Amino acid sequence: MAVHFVRPKLPKLAPDPWAIQFDQDGNLKHLLTIEGLGPQWVKRILDTAEGFMSVTDREIKKVPLLRGRTVVNLFFESSTRTRTTFELAAKRLSADVLNINLSTSATNKGESLLDTLKNIEAMQADMFVVRHDQSGAAHYIARHVAPHVSVLNAGDGRHAHPTQALLDAFTIRRIKGDFAPLRVAIVGDILHSRVARSQIHVLNTLNTGEVRVIAPRTLLPNDVEKLGVRVFHNMREGLKDVDVIIMLRLQRERMEGGLLPSEQEFFRLYGLTEKKLEWAKPDAIVMHPGPINRGVEIDSRVADGPQSVILQQVSNGISVRMAVMALCMGARSEN
Amino acid sequence: MIESLDTLLDRLGNQLADKIRDGSLNEPVMVGIHTGGVWVAERLHASLGLKEPLGKLNIAFYRDDFTTIGLHPQVSPSLLPFEIEGRDIILVDDVLFTGRTIRAALNELFDYGRPRKVLLAVLFERDGRELPIQADVYGQRLELTADQQVKLTGPEPLLARIVTRKED
């Protein structure tokens, strides 16, 4: 894919590299990563999402909050679930939505990323929802857009996928309530997962009792402990007393060389089966950001079983994305 | 200047009871607008002895000043625990001022269905309308200056006072 993208350099002297997410008055303007949000903003997003749940339940699933605003989905990497839930969220807020799939578009004709951006900006867009296969892409775009434009990161490389992490936290909170007594295990391909990184940040921001990662050494980043997690290489030990199990997709397309012997071997050791699920607490819930690989990281009987909340995650994702859009495009100052 | 709230609530309740008696309201349901309107509606709902539970409307997602004021951090969702299609609805708010809140409430209400009739009941009606919206019944009419407003605190005890906005 011929995307002309320069990895951004974060200013070394900036005391808080995530400050770009807020405007001068301290209001959320861009959502690029969970870092820097703090518990107040994370809770505010979740509370706002709770308010939007009622809109989804009624006959006319639409409120006029963003009427006349234009949301542009800029997807440099394909995605169905994330793009459609962002699209639905924007439509339920009455915004107009433009979907641009750049993996097959102008960038293939040699146009630079910034030229593409300026062109779409000239169409009076108010928000860019960006998915890109390179880490830092959303930051780079946020730095270069016109002042009135908000940028939401819908996944950048291995770096972050903040709305996915927020909808996971929202799903956990709706079912389990308080985070302090919870043990949450994230299982599988942590190394290639932007979702895992954002999940760890959001769970620690909300003061989760214990965040665990369970994976073979080859699928864990170096220094993973520094993110504030307990590391396990064995499912039986790692799942003991766990309240929430988050399974991750094995990202074969991002793997170089022999990180794994085979999918069968991975499933035998780390795939979530009914038998392994018994090692967790009896009321543990099973989550997965999707798309799921049945028989690779999760058995169908678990994915479709009574403890699975995988489809609730998808529905909750709409309310959470509505909340983030409304907060980012709302007032620049609150009286 | 403000009459006792008990007197005002009685007056409102009596006017509504009359309308139910003479048939201009047919088996009405009541909807209060968050938050002051809900407090007033709770009292009216009890005194009228309405059978169906009270509905609550939070118009935060329908405000026309979203771009300048933004979203309140804690939007408690609207709750209409009945079908509104074809029903008579008593819409209750604490103060009718510009009419913009009522405009937003009507828009939201119609996203739930098509009521047969909507009647507006407010505790206080004051000058300053910016839209062609009037109350059908009200407790007291107030004439206030531009920098004055009625503030309701509640739910227990329910109190109303006139405050003068300080110059910034």
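The values are calculated or read from the model by the stated rules, or taken from the named source; none is laboratory data. Bear in mind that the values here come from a model prediction, so they are computed numbers and not experimental data. Methodologically, a virtual Cβ is constructed for each residue, glycine included, from the backbone with ideal geometry; neighbour enumeration extends over all protein chains shown.
Annotations
- Residue within the stretch B:98-117 that is surrounded by fewer than 18 Cβ atoms within 10 Å (Cβ to Cβ), hydrophobic (A, V, I, L, M, F, W, C), free of Cβ contacts under 8 Å to residues at least 12 places away in the same chain and closer than 30 Å to A:S150 by Cα present: no
- Only a single item in (1) within 17 Å of the chain's Cα centre (by Cα); (2) part of a helix (DSSP H, G or I) is not met by B:G32, and it is number (2).
- A:V184 vs. criteria under 22 Å from A:Q40 (Cα atoms), outside any loop (DSSP other than H, G, I, E, B), under 19 Å from the mean Cα position of the chain (by Cα) and outside the structural domain of A:T82 (by TED's automatic domain parsing): yes
- Residues that are β-branched (V, I, T) and under 23 Å from B:I90 (Cβ atoms), drawn from the stretch B:122-152: B:V122, B:I133, B:V137, B:V150
- Once the stretch A:32-76 is narrowed to residues that are of a type in the set (A, V, I, L, M, F, W, C) and farther than 29 Å from B:L79 by Cβ, the residue that is farthest from the other protein chains (Cβ to nearest Cβ) is A:F76.
- Once the stretch B:38-76 is narrowed to residues that are assigned to a loop (DSSP other than H, G, I, E, B) and in contact with an Asp or Glu (Cβ under 7 Å, 6 or more places away or on another chain), the residue that is modelled with the highest pLDDT is B:L54.
- Looking across the stretch A:116-168 at every residue that is small (G, A, S), closer than 15 Å to A:L98 by Cβ and assigned to a loop (DSSP other than H, G, I, E, B), the one that is modelled with the lowest pLDDT is identified as A:A122.
- A:P17 fulfils the conditions (1) free of Cβ contacts under 8 Å to residues at least 24 places away in the same chain; (2) within 10 Å of chain B (Cβ to nearest Cβ) except for a single criterion, (2).
- Flag if B:L109 is over 30 Å from A:K29 (Cα atoms), part of a helix (DSSP H, G or I) and either within 14 Å of chain A (Cβ to nearest Cβ) or touching a Cys at 6+ places or on another chain (Cβ under 7 Å) (or both): yes
- Checked against (1) of a type in the set (A, V, I, L, M, F, W, C); (2) within 20 Å of B:G99 (Cβ to Cβ); (3) without any contact (Cβ under 8 Å) to a residue 60 or more places away in the chain, B:V40 meets all criteria but (3).
- Selection within the stretch B:40-96 - surrounded by fewer than 20 Cβ atoms within 10 Å (Cβ to Cβ), among the hydroxyl-bearing types (S, T, Y) and within 11 Å of chain A (Cβ to nearest Cβ): B:T67, B:T68, B:S76
- Selection status of A:L250, in contact (Cβ under 8 Å) with a residue 12 or more places away in the chain, of a type outside the set (G, A, S) and part of a loop (DSSP other than H, G, I, E, B): yes
- Qualifying position, being without any contact (Cβ under 8 Å) to a residue 60 or more places away in the chain and at positive phi, among A:G26, A:G38: A:G26
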